[in-house]
Each structure stands twice: as C-alpha cells, then as structure tokens.
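This report concerns only the one structure given below.
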Amino acid sequence: MKIKSANVEPVELDMTPMIDMTFQLIAFFMILINFDASEQDESIQLPMSTLAKPPDSRLETPITIQLTKSGQPIVAGQTYAEVASIKPILDNEKYVLESSNKSAKDATIIIRAHRDAKTGVVQEVIKLCQTVGFEKFTLRAKEEVGY
Amino acid sequence: MKIKKGSGSKIAIDMTPMIDIVFQLLTFFIMTLKIVTPEGDFNIKMPLAAPRAGTPDPDALPPMKLRLVASSSGDCADIILNARSFSGPNRWQELHAHVASIVGDGSQKADAEVEIDADYNLKYENVIDAITAVSGSLDANGHVVKLVEKIKFAPPKSG
C-alpha cells in the first residue's frame, strides 16, 4: 500500500517559560551559595544553643579558629597538631592588621569548637590569642529551635 | 525616499548554546549548594589581665562565680553558682531562674558579670549551655531577652 507522505511542518516550541524558570532558579541558587564554606569544617559538630542567633551584621575583621574533638586547631583549612602551633599564624595576622593601620584589638577571634572538645583546650586557644594581643572573642554555636 | 519593506519572515535565533550554558550554570549552583543550619555567636571580651588601677567601685556588682565540675567522662557533674549547687535534668533552667532573681530587671543588669570556672576536661557543650542559661532566654515570640551580657573565663586549669 502506498503511504502518502504528509506535508510535515516543523513544530516550534515556545522556550520562553522554560528559560524564565531556569534563570529564576539560577538566581535563587546564586543568592544561596555560601563562599565561607572553607571556614566550616564538617568534622566539627558545634554545640547547640537556643540563643545562638545569626549576627545582624558581618564582623569587621574575623579570624576563625576551629577546634576538633581531639583538640587540634584548624586555621584557614590547615590542621595543626597542638594549640601552640598556631601562634606564628596569629602573629602574622597581627602584623597584617598593623600594616593596614589596625590593631589586634580590632579583630574578632571566632572560635568554632567541637561540642565534645575539652573546655581547657578552648581556654588555651583564648589565652594564646590574648598573649598575641587579641581581645574580642565569639564562641560559635548552632541555632537550636525550641527549648 | 521609499523604504522597501522586508519580506516579513521571522529571524530564527538558535537558542541551543544559551540553554546549554544555562543548564550547566544551574547544575553547578545546585551541586555547590550546601544546606547548613544557622550559626550564632556569643561575644566575649577578654583582654589580658592587667593590674587594676585604683580601688574597685564599691557599688559595682562583683562577678558571679560559676563553677562547672566535670565527671570522669567529661560531662557536667555539678554546677555551683555562688555556693549554690544545681543538679537534675532542669539544672540549666534552674540556673537561669536563679541568675534572673539575682540580676533582676533593674539597672544592675548592665553591670552584672559571670566568671565561668570550668574543669579542663569538661565537654565544651556544657560551657555553651551555661552561657545560654546566664545570658538570656527566648520569649513567647522567639525574641531574645538578655540577662547577663558580660561573660568571662577564669584562668584555665592545667590539664
């Protein structure tokens, strides 16, 4: 049997709604992206607190020191064997601050310690920072919903 | 001058490269998305201990000494605030109520200070619990009602 070839016209799909949606999704994910992830080590489980609310404004000169469960400090993604090993880094941070007409007193040390870390080690970190000249500290905790 | 009209046919723009790039961008952002719970800060101002100039203000409230005793496993075995001990499952709430009764809601609130003296082996989460208990509470609307804002640590004990 002979089949007649139909007069096929190219089907035009309207891509506009799909492109609109895709751009909205890109914008959404761009806003959500977090570039501070290097300062949040996944092995560190922060203690929970109902009062730990995200700060309204960004800290001016933050220096993040993370502390693992076994008491090893992590600074800028680098893990050190003991607390005393981070003193050269703190001295360097102080030098950089002073060279930009600031002082160690202007900087804030953010301490992200594991919830099972020893309090004495956290205090050692604070004491070491104090000897370098830092005065402002913030202890970071994870927000707990409900009490 | 007479302008000739075009034939009126639509110009077909090839959308394929743009859609390719857009989907690649979308994939990148979806894959790099990291969902984290919000984190908050407790501010502590602790300059290195300097010799006090002059005599202390007699009207100033002395710092409340909060002692946190650790058990052998590092858990909090006892909480002692100015010689009063707190224990049981609701100890942090009891501590909060006691501090609120000392500080009140008057002018002393701004001057009140707590010095945390914790054992070396105490798990850090207990310190955060203690700071939470003394620094305030949440009201019915979820707003923070501040209590003691000045918190400091006693010199560390040796490990």
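The values are calculated or read from the model by the stated rules, or taken from the named source; none is laboratory data. As the structure is a computational prediction, the values presented were derived from the model and not from experiment. For neighbour counting, all protein chains shown are included, and Cβ atoms are generated from backbone atoms with ideal geometry for every residue, glycine included. To get the accessible areas, we keep the full protein, side chains included, count just its heavy atoms, and leave off ligands, DNA and RNA. Shrake-Rupley method; radii C 1.70, N 1.55, O 1.52, S 1.80 Å.
State yes or no: is A:R140 in a strand (DSSP E or B), open to solvent by 20 Å² or more (accessible area, probe 1.4 Å) and within 12 Å of chain B (Cβ to nearest Cβ)? So A:R140 passes the test.
Yes/no matrix, rows are residues, columns are (1) among the acidic types (D, E); (2) more than 10 Å from chain A (Cβ to nearest Cβ); (3) surrounded by fewer than 16 Cβ atoms within 10 Å (Cβ to Cβ):
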| position | (1), (2), (3) |
| --- | --- |
| B:D78 | yes, yes, yes |
| B:R84 | no, yes, yes |
| B:Q93 | no, no, yes |
| B:E125 | yes, no, no |
| B:I128 | no, no, no |
| B:S137 | no, no, no |
| B:F153 | no, no, no |
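Note on region A:121-136: residues that are open to solvent by 60 Å² or more (accessible area, probe 1.4 Å) and either modelled with pLDDT of 90 or more or more than 7 Å from chain B (Cβ to nearest Cβ) (or both) total 3.
The condition (being assigned to a loop (DSSP other than H, G, I, E, B) and within 22 Å of A:E144 (Cα to Cα)) is satisfied by just one residue among B:V134, B:V148: B:V148.
The lone criterion from (1) basic (K, R); (2) at pLDDT below 90; (3) more than 19 Å from A:L139 (Cα to Cα) left unmet by A:K94 is number (2).
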